[in-house]
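Report on one structure; see the data block that follows.
The values are calculated or read from the model by the stated rules, or taken from the named source; none is laboratory data. If you're wondering where the values come from, they're calculated on a predicted model, not measured in any experiment. Methodologically, a virtual Cβ is constructed for each residue, glycine included, from the backbone with ideal geometry; neighbour enumeration extends over all protein chains shown.
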Amino acid sequence: MTPPSGLDALPVQPAKSRLLLTLVVDTSSSMAEGGRIDELNQALQNWRGELTRNDHIRRHGEIALITFGKDHVVALDPSGRTAGPSTEPYVPVSEFNPPTLEAGGVTPMIDALQYAFQLLSARRQHLRSSGIPLVNRPLVYLMTDGVPTDSTGHRSDRWRDFAPVIRQQESGKHLLFFAFGVDGAEQEVLQGLAPQSWRFLSNLSFAEVLTLMSASIESAASETSRSKPAEEVYRDVNARLDKDARIRSFLKGNG
Amino acid sequence: MVANPGWKVVSATTKGAGHSSLHRPNQDREITRALADGTTWVYAVADGAGSRARSDHGALLAVEAAATAADLVFGRGVPNSVDGWRTAAEKFAKESLDVFDRRVDSDVQGLRGLMREPAGELRASYATTLLAVVSAPPFFAYVNVGDCFLVVDRDPGGPFLVVTAPEREHAGETVFLTSRHRGAHVTHGVIMDARIRGVALCTDGLCEGMLANRQTPDGRLHSLAPPEFSAYFDYFSAPGPDDNELATKIMSREFAETSGDDKTIVMAVRRS
């Protein structure tokens with residue numbers, strides 16, 4: 001092969017910064033009802049294509065997939081190459097190929113969020129030690145159809161103690177946190193965990209939830225959001241999601 | 001482009017993919033202009049804040065303000081000592097900001113009759129960064145507000161990052177010319193070095209594709225101009241390559257994959 005010459009030979013540094021996406025997904029037994037887990041699996045597969053169409057996210061993005069419910073709390077291999085817990089929870093978005101999720105068990109939502117924050121912190125430290133900055137704040141997404149429980153399945157209010165942890169991370173510009181709930185989720189919990197960035201999506205499919213996530217990623221990861229306080233970013237994201245919802249509603253009405 | 005004797009100037013600007021998908025215009029601007037003596041030049045780049053309504057116009061006003069300020073301060077002749085240049089650089093910085101303020105204030109006055117926004121918000125809608133250099137080799141005076149960066153190439157020695165943004169991760173809010181606290185963040189200075197053979201002014205959209213990082217013992221990440229940056233000065237010092245080639249390069253997919261931001265570069269290089 002002839003080496004590049006002239007203009008083509010001028011070096012471009014490889015993309016350094018990373019955009020860390022962390023999905024914290026409910027796989028508790030309620031997800032088995034009405035084929036929800038199958039719908040979620042299908043939606044995740046479709047979403048994969050949507051994510052990788054964005055050059056910037058494909059090149060800079062890394063994704064982790066943490067489930068809570070079946071097998072308690074697990075960081076799965078988002079590339080689908082290995083079954084069960086993964087030793088490398090973040091993989092490039094270009095390699096995202098989610099494994100088939102199964103439903104079962106209780107809803108240890110807060111354990112899952114704590115674990116997600118730990119993994120995120122470890123990944124951030126590792127990237128920094130490799131000279132790689134996070135120019136965009138990491139994005140953490142909670143998707144649930146239930147309320148948090150303890151290990152015996154009883155409702156737990158530990159989320160009230162965890163909410164200040166999220167606020168602290170947000171104010172330090174360490175991450176942005178979004179909570180999406182579908183039928184079965186409790187609005188008080190979603191709102192408590194993500195006062196400015198929660199959505200309860202009655203009668204919406206997981207595919208629609210993931211479409212909302214894509215829109216929020218584009219908005220929250222834009223260069224204009226980098227230096228803004230979290231509340232301003234959430235305001236921009238909400239404006240974008242509301243606008244998208246109006247367009248969808250209009251198209252349905254005229255469909 | 002006609003250039004000062006012995007030096008060649010090329011420039012290019014392109015809209016980022018992120019702005020295309022959001023249907024925003026290119027909000028970067030650049031200017032390259034010879035002063036009256038024909039040998040002193042002013043170069044400037046500005047990056048309008050993506051979320052602000054009039055920031056592309058703000059960026060234009062910023063680079064024009066720098067050119068006007070350069071004329072005011074250096075138009076009747078350049079100093080011949082480092083001390084003289086230091087004084088002039090400080091004045092250049094002050095005039096650049098003053099001219100920008102006057103132009104924006106004039107625009108805002110005109111808009112107030114038409115718009116409901118308070119004057120403060122109208123002014124903020126012109127938010128932009130600015131990096132400007134007055135070049136009369138071996139002297140270079142610069143002024144900077146915001147996150148553009150300046151690289152000089154020395155022979156021998158290679159490229160040096162002279163002006164850079166704060167650490168990009170966890171950076172506070174970007175400081176713009178319209179920011180109330182901008183005074184604390186204006187940097188200006190003088191370089192005197194007969195061995196400098198090129199300068200490059202870039203907006204932050206090129207940071208990923210052209211700079212490298214290193215971590216210092218305190219754990220902080222710092223940008224640096226990698227040795228291979230010199231290849232750009234080598235290439236564009238030759239007679240042929242022009243603005244179009246520079247534009248082709250920064251519009252390439254390689255660069256698009258490094259950042260979705262607008263990208264702008266002005267290079268002045270001693271002819272080979």
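A few points about this structure:
- Hey, A:P164 within 13 Å of another protein chain (Cβ to nearest Cβ) and either surrounded by 15 or more Cβ atoms within 10 Å (Cβ to Cβ) or in a helix (DSSP H, G or I) (or both) or not: no
- Residues located in region A:216-233, provided they are within 11 Å of chain B (Cβ to nearest Cβ) and more than 17 Å from A:L20 (Cα to Cα): A:T224, A:K228, A:P229, A:E232
- Residue check for B:P217: farther than 15 Å from B:D147 by Cβ, at pLDDT 90 or above and out of contact with any Pro (no Cβ under 6 Å at 6 or more places or on another chain): no
- With respect to (1) farther than 23 Å from A:S121 by Cβ; (2) touching a Phe, Trp or Tyr at 6+ places or on another chain (Cβ under 7 Å); (3) outside any helix (DSSP H, G or I); (4) of a type outside the set (D, E, K, R), the lone exception for A:P14 is condition (2).
- Flag for B:N213 being within 26 Å of B:A17 (Cα to Cα), of a type outside the set (F, W, Y) and touching a Gly at 6+ places or on another chain (Cβ under 6 Å): yes
- Put simply, of A:D157, A:D150 the only residue that is away from chain B (no Cβ under 14 Å) and either buried (at least 22 other Cβ atoms within 10 Å of the Cβ) or touching a residue at least 24 places away in the same chain (Cβ under 8 Å) (or both) is A:D150.
- Of the set (1) within 14 Å of A:D26 (Cα to Cα); (2) assigned to a helix (DSSP H, G or I); (3) of a type outside the set (S, T, N, Q), all apply to A:E102 but (2).
- Filter result for A:S28 (touching a strand residue (DSSP E or B) at 6+ places or on another chain (Cβ under 7 Å), among the polar types (S, T, N, Q) and either within 11 Å of chain B (Cβ to nearest Cβ) or crowded, with 21+ Cβ neighbours inside 10 Å (or both)): yes
- Condition check for A:L51: surrounded by 17 or more Cβ atoms within 10 Å (Cβ to Cβ) and among the aliphatic types (A, V, I, L, M): yes
- Of residues in region B:223-272 being more than 7 Å from chain A (Cβ to nearest Cβ), more than 20 Å from the chain's Cα centre (by Cα) and not small (G, A, S), the one surrounded by the fewest Cβ atoms within 10 Å (Cβ to Cβ): B:P239
- Condition check for B:A53 on (1) of a type outside the set (S, T, N, Q); (2) under 30 Å from A:H60 (Cβ atoms); (3) modelled with pLDDT of 95 or more: one failure, at (3).
- Apart from one condition, A:D236 fits all of (1) at pLDDT 85 or above; (2) within 14 Å of another protein chain (Cβ to nearest Cβ); the exception is (1).
- The residues of region A:175-215 that are crowded, with 19+ Cβ neighbours inside 10 Å and either in contact with a Pro (Cβ under 8 Å, 6 or more places away or on another chain) or within 14 Å of chain B (Cβ to nearest Cβ) (or both), listed by number, are A:L175, A:L176, A:V189.
- The set of residues in region A:45-96 that are touching a Gly at 6+ places or on another chain (Cβ under 6 Å) and within 14 Å of another protein chain (Cβ to nearest Cβ) comprises A:H56, A:V93.
- Any hit, region A:131-141, residues being of a type outside the set (D, E), over 20 Å from A:S227 (Cα atoms) and in a strand (DSSP E or B): yes
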